[in-house]
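Accompanying notes for the structure given below.
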Amino acid sequence: MDIATEIDAEHLEALGESDLRPLRRWLSGRLCRPGGLAVEEFDLLASLSTWDSARVEQPQLRSAIGHALTVAAPLPGVAPGLLLYLEALFEEHWEEAWDIEPVLEHMRFVGERWSRLTAQGQAVDAAVAGLVLQMIELLAVEMVCNDAGYTGSLAAWSELAGRVADRAERMLVDAASCPRSPLLSFLIEQADGDVRYYRALCLATRAVFDHFTTGEGEVGGAIRALREAEESMPDGIDRSEMRAHRYALEALAASVEQPWLRVEHGQVVYLYPFGLYEDVAADGTSAGTPPSAVSLPKDLIDTARRAAYDWTLAGCSVGEHPQAKVSDDLSLCDIWKGDDPLDRQFRGMTITLPDLELTDVDRPDAEPQALTVELRLSELGNHCLRIGLQLSGATPPQVYAAMVRVAPESGNLTQLGTPLRMVESGPAAPQWRRLSDFANQVIFDLAGQLARTMDRQVRCSARPGMYHVLLSVDRASVVSLSTGAVEPVRTAGELLSAFGAQPLCNPVRDGIGAVAEWLRYPVDAARLPVVDVPGFAGDLLMRSCNTTLMMTPGSPSYQMRSLAETAEFVASLEGMFAGWQDQLGGYHQAVLEQLAEMTARLDRSRAEPDEAAISSAGHHRDVEGLTELQGRLEAQQLRMHAFVMSSRTVLMFLTAPSLVTSPAIRVTIDRLLVAARFGELRAEFEDMVDKVLADRAGALVEASMRRQQEWALAAARAAREREERELRLRLSREDAAARRRGERERINRRRIDILLGVATAVGLSGVMQLIQAGYDLTDLWALSLAIGVLITAALFGFALHFMLRDRQGSAARSAAGSLDDAR
């Protein structure tokens, strides 16, 4: 099957305009067939273009890539189309993300899998597919080239740009031996564009590097090459990048004869603020005492002082490495010794880690630079990782490279062969791609060590953009290219007006857009964010959103140290707010979960229960569960209020005069707080507090209490009705029993009356028989016998009457007692 009839110009034209839909439909129709690639697997490939593709299960994604290549290899014309589709996805990923490591791994996997299929003889379009694979490999080299630009290394950037152009030219040579087709024409056009782009980029980066190194840069020639490459390209990303490079070099050309600034001696401090907080358990409680903004930092510091020598941070055993040590304080000057009545101070402890070795990519043969590393824990909660670097004879591009090194968007030093590593570490010791990776590992390792040592859920609050760069210029000069003269900078005004001061005065951007793009920053001292603090003429304190510049040429170094400490203090407060917000967020999440559970319980018990339901075991469990949940929720609310109160106490201390000893330093801190948007951060925190505390927890607690009161009233009413029914039933039974007893007594009385009558009759008949028998009643013996018979009958009747009276009396007393009990 001829490939030219499969991938036509329409697909390729759409692909050239970054529209992958026609090619995607074409591939889907050929791969997603019975016995082929599943539709779900094919759709999974599209996640390669997104910067958050790491959320997709990587084994599943790799399996989909491998299966797609296996299915496409024996199908004529399909494999080159699939590889071209994957290359377009990789390029889309690169357009959206600065971290290229994930996509480079996928690109290497594609190359290895396709090479294996080719070696096994399964590929029917090996030549053309191999050409597309070269395009993928070329894209990988382009990514590494731009990574060199992200490090601020001009020489390495220029060298790698030249390599990309060379590789694209070799691809053009290989394309000459392939049969002509729309696909081949597309590949040739892409490779030819890469040659023009990277040849111009190579000249541009080299021109800037040479200008600030030897003063012999071919700036004009580089501008012409950039313009020619720009005009040969269609509107799109590549043309816009060429234009950005040209604008930067035109700014350099406009000032090419001006003397430029050189920092003879200075210091760069990279601050990575972070917060520490205790995670809230699922039931809304904490493992230890309820954490607060005051007590938790002190507990953490006490633990670190006691146990830090047993820890391992970023692969370094603190107790075993000769450069690592633990200090019980922050090694600050005495301006922080305030007179707070509660004995609050900006104090804490320091863990010093071994120095980091940083090799200059542009000067790999030079001695590596040493970066000092200090992990500072503060009782106020404004913790930070402090990394220091000395500058000596730094040109503007070198200062710019030092500034952008702090950002997570900075280039991957491992790709350039100069990874970060600790001094006196072996070949198997950890290495880091960029400074922010090292900072993240130290901070997260610290949180893990604290959690294990304290047996509490200690967490850290850190995010990629939370960093600050402080540049202290001790001594600077202005270098003239035409005469070679070096004039010292005497005042801050001279510093700001010098050509090349732009990197010192502006914030660190998210990535890099052009060669020496800092040249396009306006040089207007009146518009710079200068902080108006007490100082001498010629001094300078300037603060942007993530940088601080300090210069006090007429003051001794210890005074600059005091100023630097105040600037670092203010910069570290962002970590404190981050920890508080995460702590508050944890509380809020726990409250929300409990509110949801309480709402569900209340919804299940919305109908008024009947008597049977109230007396059931399930109802009793519901009442106990709701009562227990209400207690937890109220306790959680109290913890939240206590945490907020302690946070506000710290905030009040930060703005109190007792924070420092000097009123002038207090004014400096206040001005720096304004420049750092402290008021906005405080307002955001207070707004979050208001929203959390104003949630519907109180309403639900009241609803729970009302529901429990309703249940209690219903239970009492049911119990009273049950007792009344039991009383009526008992009285009814007793009345029936009394009637039965009365009937029996009536019958007994009747029987007794009969017996009495019989006894009387017997007695009288006996007397009459005596008379009839001829007994003379005048005779004493006969009279006695008659009287005895009468007495016997009388006694028998009296006995019957007495027995009947006792039985009636006890029955009456029993009935009266039962009636009294019922009443």
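The values are calculated or read from the model by the stated rules, or taken from the named source; none is laboratory data. Computed from a predicted structure; not experimentally measured. Neighbour counts are summed over all protein chains in view; Cβ atoms, including those assigned to glycine, are modelled from backbone coordinates with ideal geometry. We work out accessible area using only protein heavy atoms, side chains counted, and drop any ligands, DNA or RNA first. Shrake-Rupley method; radii C 1.70, N 1.55, O 1.52, S 1.80 Å.
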Q. Excluding ligands and nucleic acids, what accessible area in Å² is computed for Arg21 using a 1.4 Å probe, to the nearest 10?
A. 140
Q: Calculate how many DSSP beta bridges within the stretch 315-470 are antiparallel, expressed in % of all such bridges and rounded to the nearest 5.
A: 100
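In the stretch 6-121, carbon and sulfur make up what percent of the accessible area (probe 1.4 Å)?
49
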Q) In Å², what does the accessible area per residue of the stretch 216-282 work out to with a 1.4 Å probe? A) 43
**Q.** the stretch 35-86 pair-distance distribution - Cα-Cα, 5 Å bins, rounded %
**A.** 4, 20, 31, 26, 13, 5, 2
Q: Count charges around Thr151 for me, please; just the other residues with Cβ under 9 Å from its Cβ, Lys/Arg as +1, Asp/Glu as -1.
A: +1
Q: Read phi for every residue in the stretch 674-689 and hand back ³J(HN,Hα) as whole Hz from Karplus 6.51 cos²θ - 1.76 cosθ + 1.60, θ = phi - 60°, with x for Gly and Pro.
A: 5, 5, 8, 6, 4, x, 5, 4, 5, 5, 5, 5, 5, 5, 5, 4
Q: Please list, in chain and number order, the residues 5+ apart from Leu420 or on another chain whose amide H is under 5 Å from its amide H, with Hs placed from the backbone.
A: Trp432
Q | Accessible surface of the stretch 376-436 [probe 1.4 Å, protein heavy atoms]: carbon and sulfur percent | A | 50
(Q) Around Lys298, under 12 Å between beta carbons, what's the net of Lys plus Arg minus Asp minus Glu among the other residues? (A) -1
Q) Relative contact order for the stretch 221-285: what is it in percent, counting Cα pairs under 8 Å that are at least 6 residues apart? A) 24
Q. Roughly how many percent of the accessible protein surface of the stretch 122-213 is carbon and sulfur, given a 1.4 Å probe and a whole-percent answer?
A. 53
Q) For the stretch 393-406, in order, what is each residue's ³J(HN,Hα) by Karplus, 6.51 cos²θ - 1.76 cosθ + 1.60 with θ = phi - 60°, in whole Hz (x at glycine and Pro)? A) x, 8, 7, x, x, 6, 5, 4, 4, 5, 6, 6, 4, 6
Q.
Quick query: amide H of Gly319 versus all other amide H atoms, modeled in the peptide plane; which residues come in under 5 Å with a sequence gap of 5 or more or a different chain?
A. Trp311
Q | Nearest-10 value in Å² for the accessible area of Thr303, using the 1.4 Å probe | A | 10
Q. Over the stretch 53-125, what relative contact order in percent results from Cα pairs under 8 Å that are six or more residues apart?
A. 48
Q: Above 18 angstrom, tally the Cα pairs of the stretch 164-220 and express them as a % of all pairs, no decimals.
A: 47
Q) Leaving out ligands, DNA and RNA but keeping every protein chain, what accessible area does Asp360 have, in Å² rounded to the nearest 10, with a 1.4 Å probe? A) 40
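Averaged per residue, what accessible surface does the stretch 476-568 expose to a 1.4 Å probe, in Å²?
45
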(Q) Can you list residues from other chains, or at least 5 along the same chain, whose modelled amide H is less than 5 Å from the amide H of Asp355? (A) Val423
Q) Solvent-accessible area per residue for the stretch 49-109 at a 1.4 Å probe radius, Å²? A) 38
Q. Based on the mean of other beta carbon atoms within 10 Å per residue, what is the order of 115-121, 223-229, most packed first?
A. 223-229, 115-121
